[in-house]
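The values are calculated or read from the model by the stated rules, or taken from the named source; none is laboratory data. Bear in mind the structure is a predicted one, so any value in this text is a computation, not a measurement. Methodologically, a virtual Cβ is constructed for each residue, glycine included, from the backbone with ideal geometry; neighbour enumeration extends over all protein chains shown. When the accessible area is computed, the model is the full protein with side chains, heavy atoms only, and any ligands, DNA or RNA have been set aside. Shrake-Rupley method; radii C 1.70, N 1.55, O 1.52, S 1.80 Å.
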Amino acid sequence: MKVFISVDLEGIGGVVNRRHTAEEGKEYEYARRLMIEEANAAVQGAFDGGATEVVVNDSHGEMGNLLPEMLHQEAMLISGSPKPLSMVEGVQTGCQAAIFVGYHAGAGTAAAVLDHTYVSRAAHQIRINGRPAGETAINAGVCGACGAPVVMVAGDKAVAEEARALIPGVVTVAVKEGLGRLAAISLHPEKARAAIRQGAAEAVRNLQRVALFKFTSPVALEVDLLYTTMADVAELVPGVRRIGGRTVAFTHEDYITVFKAMRAILALAGTVV
Ligand SMILES: [Zn+2]
């Protein structure tokens, strides 16, 4: 059984601000180690739960945070960016379950550490089929389209709540609780890793408890951008409609096509202010 693990940085225990998450941040070298160890705990948990193969996708920033030598020896590592499926690249290779580690709540969530959705300098809010969608929903939709249920989400308390509201039966592990956007109370790293390992094992062992997460088709995407300039360039993408000063929309039968359109919109929007 092959298990896919997507690892972001904002939802790792102890991480609270750009000193941790930006490559030039003063605490970045330390934060990436915390990230690697939480990833390793999930890898070990997946094997404990019955996985025979594990693929880990580096999902933060330029996606080159996980130091290969420090990663669990039995896991394969996907790193670098851009990738066709971005934060969930690799899930399309016959994985039977997906795990998200280090995840954070969607842009606009209160008391959620470093809340944002994909591109913080461009996306104010993303909605799919009329409901706000954070990275958990957006990426779970890709996993679902590829045949892999999301069986566990680890991150802060806010993303754990977001995940449970979205995916019935998903195992969640909260390694910290936001006290605001840039402050949190965290478990000790050893405790966080133990909880992640245990959660991943339980989740993989019982993966049939969780249904595939799929958006009903046709899938309607709406993106509120930060500035009207961003919508000016985003509406140049063929098929994208301008539905408001700052808002663009895209609809398609196929969710993966919607996901790619979203990324094109955000990439273009991120080039202007
Ligand atoms: Zn993220």
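See the values below:
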{"quantity": "The listed residue being in contact with a strand residue (DSSP E or B) (Cβ under 7 Å, 6 or more places away or on another chain), assigned to a strand (DSSP E or B) and either of a type in the set (A, V, I, L, M) or away from the ligand (no atom under 15 Å from the Cβ) (or both), out of A140, A98", "calculated": "A98"}
{"quantity": "Residues (open to solvent by 10 Å² or more (accessible area, probe 1.4 Å), under 19 Å from T21 (Cα atoms) and in contact with a helix residue (DSSP H, G or I) (Cβ under 6 Å, 6 or more places away or on another chain)) located in region 143-177", "calculated": "A174, E177"}
{"quantity": "Pairs with Cβ under 7 Å, 6+ apart, first in region 66-77 and closer than 10 Å to I36 by Cα and free of Cβ contacts under 8 Å to residues at least 40 places away in the same chain, second of a type in the set (S, T, N, Q) and open to solvent by less than 50 Å² (accessible area, probe 1.4 Å)", "calculated": "L71/N40; H72/N40"}
{"quantity": "Residue that is farthest from A201 (Cα to Cα) [pool: residues in region 48-69 that are within 15 Å of the ligand (Cβ to nearest atom) and not in a loop (DSSP other than H, G, I, E, B)]", "calculated": "D58"}
{"quantity": "V43, sole failed condition from (1) open to solvent by 20 Å² or more (accessible area, probe 1.4 Å); (2) more than 13 Å from the ligand (Cβ to nearest atom)", "calculated": "(1)"}
{"quantity": "Residue in region 79-97 that is modelled with pLDDT of 95 or more, touching a Ser or Thr at 6+ places or on another chain (Cβ under 7 Å) and either open to solvent by 10 Å² or more (accessible area, probe 1.4 Å) or within 21 Å of I196 (Cα to Cα) (or both) present", "calculated": "yes"}
